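Asker: Dropping the structure in here first, questions after.
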Amino acid sequence: MKRPVNQIAILLGGAALALTSAWAIAQDAPESLLPPGFDKPKAKPATPAVTKTTGNSPTTVATPVVQPIPGVASAPVLPAGKKIPTLAELEAMSPDELDELLGLKPKSDIPDAARRSMNKVGILAADEGGFSSGSFVRQSPQLVQAALTRNSGALVSRWGHILLRRGLVSRLDAPSGVNPADFAAWRAGLLVRMGEGDAARALVQDVDAGNYTPALTQSAIEAYQFTADITGICPVAGVIGGGRKDADWRVLRGICAAFQGDGSAGLAQLDRLAGEGAWPKIDMLLAQKYAGSAGTGHRAVTIEWDGVTDMNPWRYALTIAVGLTPPEGLMKNLPVRYSYVAATAPMVGLEGRAAGADRAAGAGILSSAAMVDLYSQIYALDEIKGDWAAAAETLRKAYVAPSPADRMAAIRALWDGAPDAQARFSRQVLTAYAAARMPVDPSLKDDAPDLIASMLTAGLDQNAMRWAPLVDSGSLGWGLLALAAPQRSAAINGSALSAFRSNDKSDGNRKSQFLLAGLAGLGRVDNSVAGEFSGNLGIDLSRQTRWTRLIDQAADVNNQGLVVLLVGLGMQGDSWDKMTPVYLYHIVSALNRVGLGAEARMIAAEAVARG
């Protein structure tokens, strides 16, 4: 509580009087009462003097000695080139901005003893399933950068996506001559484009803020935006400060100021930015609502969607971050990244997450177990009604219905209830373990190809192989098992391949082309048979491109990490009609040669199932 001026004066006066009285008592005390040595005080040091000459006579002038006040540090001095701000500007500054003005901005948010090495940046060590840390050390920086930054992130294969994610999050050393922070930025940026926001966030958090480069800062912003973790960037913003001037950065600094204990100053910054038109009005209101929930700067902000006709990444991130649901009309016909965000965002309702999962599971972002967990949560909540509640009930029947026919009917209902082919494939991911529980029964022979494909989405190859005695040679089920089998003693003969082609109803015999490419890549068909069958299909698996030569060379030196990076580059596309049998052959062959045979088999089988 502030005291009135007159009270402060009285207090100061009383203190001065008490101090004077104490000195008077001490001075008047007899010598016998003084401690030994105090009866003969030391002589005061002489005041330094300077001799000046005035006319012909020297004159001595005393020079005053100014003693610093104990406990009071010298006032900070503005760094060179900084202008003294006005009083109004000072009042509007946040602590971070004031520190930056005075040159007090920290260079790191972590003490020296706790800082982490820039070697082996990542989250998955080699003994945890990651790839060798030295996979890229001796590789061309230009090649590695191109393979990472020019990949769109959309891969045709679920298993290709899973494999590439595993490579990107491995604990890796940077190529020689490349800043490890930039190498992490390239990897995190690709993870975001793949829809792997959580993995990207974990990767950028493995680098101390003091080591961030502009590229890593941008990738971190994208990762935190994707995960709607707006304040995740705040430690980095505190270190970088005003190093960036773009609108996104200034808005984020305002939000961070509010969450760092200075809500009023943070909201004042956002008010100024709103006045400048840094962001569209609706986005600034969302930012103010988000910042207004922090600290002492509470502010009620009403969000009105009237006049808003589109959606953008920051708008969506802030909307779900403040607990709102975007208008349904704004969410139509959006890029698939919004579905990926919804599928993994904990603040989105379960029904919204389930709708996103119909895209994310097929892409490789969600596992079969994660899908079952999601539907189990929906089933457990009585307040959820409608289609998603019915789907959760159907999934339960797929596991616990009394007869195999009832369980198969439930599984089939989940597949057929999907709105499109991508969602249907995601539903096959959902039912993988339910499919593995189905008995091998002749009455289910027609369902065998879909059951096998469903099991293989989760890598359940041993369960799928139980169906081998039931499927006919040359059928789709036979083709899937011919590729997925962990071991195969005999090579595939030409008559079986011809029978498969006769049953192939895909466009341009794409499934037959993929079957041949997969079998040839795994070494499960004789060269003479492969040559004859490829001629019948009109393809040339021996054709070479720059990419095929690169991936073959990487396999020759047994570099798993580089092979996986090139696999990701070669599998770009939004559907399997973008994949060629030549590329599939080299992908499967290279993976098989470097010890990733299981992944090679799953990719080959997926190609045939979805081609």
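The values are calculated or read from the model by the stated rules, or taken from the named source; none is laboratory data. Note that the coordinates shown come from a computational prediction; the quantities given were computed from them, not determined experimentally. No Cβ is skipped: glycine too gets one built from the backbone with ideal geometry, and neighbour counts run over all protein chains shown. Quick note on the areas: whole protein, heavy atoms, side chains included, nothing else; ligands and nucleic acids left out. Shrake-Rupley method; radii C 1.70, N 1.55, O 1.52, S 1.80 Å.
Asker: When the stretch 163-173 is examined, which residues are found to be crowded, with 22+ Cβ neighbours inside 10 Å and either assigned to a helix (DSSP H, G or I) or touching a Pro at 6+ places or on another chain (Cβ under 6 Å) (or both)?
Answerer: Here is the first cut: in the stretch 163-173, the residues crowded, with 22+ Cβ neighbours inside 10 Å are 163-165, 167-170, 172.
Of everything in the stretch 163-173, those that are crowded, with 22+ Cβ neighbours inside 10 Å and either assigned to a helix (DSSP H, G or I) or touching a Pro at 6+ places or on another chain (Cβ under 6 Å) (or both) turn out to be 163, 164, 165, 167, 168.
Asker: Pick from 427, 501: which is closer than 22 Å to residue 360 by Cα and in contact with a Ser or Thr (Cβ under 9 Å, 6 or more places away or on another chain)? Don't jump to the end; show me each part of the working.
Answerer: Details: 501 fails: closer than 22 Å to residue 360 by Cα.
Answer to the selection: 427.
Asker: List the residue pairs whose Cβ atoms are under 9 Å apart, where the first residue sits in the stretch 408-421 and is of a type outside the set (Gly, Ala, Ser), the second is at pLDDT below 95 and surrounded by fewer than 18 Cβ atoms within 10 Å (Cβ to Cβ), and the two are 6 or more positions apart or on different chains.
Answerer: none
Asker: Just to be sure before I move on: is residue 290 surrounded by 20 or more Cβ atoms within 10 Å (Cβ to Cβ), hydroxyl-bearing (Ser, Thr, Tyr) and in contact with a Leu (Cβ under 8 Å, 6 or more places away or on another chain) in the structure I sent?
Answerer: On the way: surrounded by 20 or more Cβ atoms within 10 Å (Cβ to Cβ): yes; hydroxyl-bearing (Ser, Thr, Tyr): yes; in contact with a Leu (Cβ under 8 Å, 6 or more places away or on another chain): yes.
Against the criterion (surrounded by 20 or more Cβ atoms within 10 Å (Cβ to Cβ), hydroxyl-bearing (Ser, Thr, Tyr) and in contact with a Leu (Cβ under 8 Å, 6 or more places away or on another chain)), residue 290 qualifies.
Asker: Kindly evaluate residue 405 against the criterion of being open to solvent by 50 Å² or more (accessible area, probe 1.4 Å), assigned to a helix (DSSP H, G or I), of a type in the set (Gly, Ala, Ser) and without any contact (Cβ under 8 Å) to a residue 24 or more places away in the chain.
Answerer: Working: open to solvent by 50 Å² or more (accessible area, probe 1.4 Å): yes; assigned to a helix (DSSP H, G or I): yes; of a type in the set (Gly, Ala, Ser): yes; without any contact (Cβ under 8 Å) to a residue 24 or more places away in the chain: no.
It is false that residue 405 is open to solvent by 50 Å² or more (accessible area, probe 1.4 Å), assigned to a helix (DSSP H, G or I), of a type in the set (Gly, Ala, Ser) and without any contact (Cβ under 8 Å) to a residue 24 or more places away in the chain.
Asker: Of everything in the stretch 427-444, what is under 18 Å from residue 469 (Cβ atoms) and open to solvent by less than 80 Å² (accessible area, probe 1.4 Å)? Give them in sequence order.
Answerer: 435, 436, 438, 439, 440, 441, 444
Asker: Looking at the stretch 352-383, which of its residues are of a type in the set (A, V, I, L, M) and within 25 Å of residue 333 (Cα to Cα)?
Answerer: Residues of the stretch 352-383 that are of a type in the set (A, V, I, L, M), as a first pass: 354-355, 357, 360-361, 363, 365-366, 369-372, 374, 378, 380-381.
Within the stretch 352-383, 354, 355, 357, 360, 361, 363, 365, 366, 371, 374 meet the criteria.
Asker: Is at least one residue of the stretch 543-560 touching an Asp or Glu at 6+ places or on another chain (Cβ under 9 Å), more than 18 Å from residue 170 (Cβ to Cβ), in contact (Cβ under 8 Å) with a residue 40 or more places away in the chain and aliphatic (A, V, I, L, M)? Spell out the reasoning first.
Answerer: As a first pass, look at the stretch 543-560 and keep what is touching an Asp or Glu at 6+ places or on another chain (Cβ under 9 Å): 544.
Next, only the ones that are more than 18 Å from residue 170 (Cβ to Cβ) stay: 544.
Keeping just the survivors that are in contact (Cβ under 8 Å) with a residue 40 or more places away in the chain gives none.
No, every residue in the stretch 543-560 fails to be touching an Asp or Glu at 6+ places or on another chain (Cβ under 9 Å), more than 18 Å from residue 170 (Cβ to Cβ), in contact (Cβ under 8 Å) with a residue 40 or more places away in the chain and aliphatic (A, V, I, L, M).
Asker: Is one or more of the residues making up the stretch 231-240 of a type in the set (Gly, Ala, Ser) and touching a Pro at 6+ places or on another chain (Cβ under 8 Å)? Spell out the reasoning first.
Answerer: Here is the first cut: in the stretch 231-240, the ones of a type in the set (Gly, Ala, Ser) are 232, 237-238.
This time we only want the ones that are touching a Pro at 6+ places or on another chain (Cβ under 8 Å), so: 238.
For the stretch 231-240, residues of a type in the set (Gly, Ala, Ser) and touching a Pro at 6+ places or on another chain (Cβ under 8 Å): present.
Asker: Mind listing whichever residues of the stretch 176-200 are crowded, with 21+ Cβ neighbours inside 10 Å and either among the charged types (D, E, K, R) or more than 15 Å from residue 153 (Cα to Cα) (or both)?
Answerer: Filtering the stretch 176-200 down to residues crowded, with 21+ Cβ neighbours inside 10 Å leaves 181, 183-192, 194-197, 199-200.
Passing the criteria: 181, 183, 184, 187, 196.
Asker: Could you tell me whether residue 480 is open to solvent by 10 Å² or more (accessible area, probe 1.4 Å) and among the aliphatic types (A, V, I, L, M)?
Answerer: Values: open to solvent by 10 Å² or more (accessible area, probe 1.4 Å): no; among the aliphatic types (A, V, I, L, M): yes.
So residue 480 fails the test.
Asker: Within the stretch 326-356, can you find the residues that are in contact (Cβ under 8 Å) with a residue 40 or more places away in the chain and either open to solvent by less than 50 Å² (accessible area, probe 1.4 Å) or farther than 28 Å from residue 282 by Cβ (or both)?
Answerer: Here is the first cut: in the stretch 326-356, the ones in contact (Cβ under 8 Å) with a residue 40 or more places away in the chain are 336-337, 340-341, 344-345, 347.
Within the stretch 326-356, 340, 341, 344, 345 qualify.
Asker: Quick check on residue 131: is it of a type in the set (Phe, Trp, Tyr), part of a loop (DSSP other than H, G, I, E, B), in contact (Cβ under 8 Å) with a residue 40 or more places away in the chain and open to solvent by less than 30 Å² (accessible area, probe 1.4 Å)?
Answerer: Values: of a type in the set (Phe, Trp, Tyr): yes; part of a loop (DSSP other than H, G, I, E, B): yes; in contact (Cβ under 8 Å) with a residue 40 or more places away in the chain: yes; open to solvent by less than 30 Å² (accessible area, probe 1.4 Å): yes.
Considered against the rule, which asks whether it is of a type in the set (Phe, Trp, Tyr), part of a loop (DSSP other than H, G, I, E, B), in contact (Cβ under 8 Å) with a residue 40 or more places away in the chain and open to solvent by less than 30 Å² (accessible area, probe 1.4 Å), residue 131 comes out as yes.
Asker: I'd like to know if the stretch 142-158 contains one or more residues that are out of contact with any helix residue (DSSP H, G or I) (no Cβ under 9 Å at 6 or more places or on another chain) and without any contact (Cβ under 8 Å) to a residue 24 or more places away in the chain.
Answerer: Of the residues in the stretch 142-158, the ones out of contact with any helix residue (DSSP H, G or I) (no Cβ under 9 Å at 6 or more places or on another chain) are 142.
With the extra rule that they be without any contact (Cβ under 8 Å) to a residue 24 or more places away in the chain, the set shrinks to 142.
Looking through the stretch 142-158, at least one residue is out of contact with any helix residue (DSSP H, G or I) (no Cβ under 9 Å at 6 or more places or on another chain) and without any contact (Cβ under 8 Å) to a residue 24 or more places away in the chain.
Asker: Please count how many residues of the stretch 357-373 are buried (at least 22 other Cβ atoms within 10 Å of the Cβ) and either assigned to a loop (DSSP other than H, G, I, E, B) or without any contact (Cβ under 8 Å) to a residue 40 or more places away in the chain (or both).
Answerer: The qualifying residues number 3.
Asker: On to the next question. Check whether at least one residue in the stretch 593-606 is in contact with a strand residue (DSSP E or B) (Cβ under 7 Å, 6 or more places away or on another chain), within 16 Å of residue 161 (Cα to Cα), open to solvent by less than 40 Å² (accessible area, probe 1.4 Å) and part of a helix (DSSP H, G or I), and report yes or no. Give the derivation first.
Answerer: Restricting attention to the stretch 593-606, the residues satisfying the condition of being in contact with a strand residue (DSSP E or B) (Cβ under 7 Å, 6 or more places away or on another chain) are none.
Scanning the stretch 593-606 turns up no residue that is in contact with a strand residue (DSSP E or B) (Cβ under 7 Å, 6 or more places away or on another chain), within 16 Å of residue 161 (Cα to Cα), open to solvent by less than 40 Å² (accessible area, probe 1.4 Å) and part of a helix (DSSP H, G or I).
Asker: Let me ask something else. Answer yes if at least one residue in the stretch 545-558 is of a type in the set (Gly, Ala, Ser), more than 17 Å from residue 364 (Cβ to Cβ) and assigned to a helix (DSSP H, G or I), and no otherwise. Explain how you work it out, then say what you get.
Answerer: Start the filter on the stretch 545-558 by keeping residues that are of a type in the set (Gly, Ala, Ser), which leaves 554-555.
Cutting the leftovers down to more than 17 Å from residue 364 (Cβ to Cβ) gives us 554-555.
Next cut, assigned to a helix (DSSP H, G or I) only: 554-555.
Within the stretch 545-558, one or more residues are of a type in the set (Gly, Ala, Ser), more than 17 Å from residue 364 (Cβ to Cβ) and assigned to a helix (DSSP H, G or I).
Asker: With (1) modelled with pLDDT under 95; (2) crowded, with 20+ Cβ neighbours inside 10 Å as the list, and residue 527 as the residue in question, which single condition is left unmet?
Answerer: It is condition (2) that residue 527 fails.
Asker: Considering each residue of the stretch 145-162, count those that are in a loop (DSSP other than H, G, I, E, B) and aliphatic (A, V, I, L, M), and give that number. Working first, answer last.
Answerer: Of the stretch 145-162, the ones in a loop (DSSP other than H, G, I, E, B) are 150-154, 156-157.
The next check asks that each one be aliphatic (A, V, I, L, M); those that pass are 154, 156.
Residues that pass the stated criteria total 2.
Asker: Which members of the stretch 232-250 meet the condition of being open to solvent by 30 Å² or more (accessible area, probe 1.4 Å) and farther than 18 Å from residue 279 by Cα?
Answerer: Kept after step one, since they are open to solvent by 30 Å² or more (accessible area, probe 1.4 Å), are these residues of the stretch 232-250: 235, 240, 243-246, 248, 250.
If the condition is that a residue be open to solvent by 30 Å² or more (accessible area, probe 1.4 Å) and farther than 18 Å from residue 279 by Cα, then 235, 240, 243 are the ones that fit.
Asker: Just need a number here: residues in the stretch 188-228 that are within 27 Å of residue 112 (Cβ to Cβ), in contact (Cβ under 8 Å) with a residue 40 or more places away in the chain and either assigned to a helix (DSSP H, G or I) or not aliphatic (A, V, I, L, M) (or both).
Answerer: Within the stretch 188-228, the subset within 27 Å of residue 112 (Cβ to Cβ) is 188, 201-221, 223-224.
Okay, now just the ones that are also in contact (Cβ under 8 Å) with a residue 40 or more places away in the chain, so 202-203, 206-211.
Now restrict to residues that are either assigned to a helix (DSSP H, G or I) or not aliphatic (A, V, I, L, M) (or both): 202-203, 206, 208-211.
Total satisfying the criteria: 7.
Asker: Select from the stretch 251-282 the residues that are among the charged types (D, E, K, R) and surrounded by fewer than 20 Cβ atoms within 10 Å (Cβ to Cβ) and write down the one among them that is nearest to residue 304 (Cα to Cα). Explain how you work it out, then say what you get.
Answerer: Initially, the stretch 251-282 is screened for residues among the charged types (D, E, K, R), giving 253, 262, 271-272, 276, 281.
Those left that are additionally surrounded by fewer than 20 Cβ atoms within 10 Å (Cβ to Cβ): 271-272, 276, 281.
Working: 271: 18, 272: 20, 276: 20, 281: 10 Å.
Within the stretch 251-282, the match that is nearest to residue 304 (Cα to Cα) is 281.
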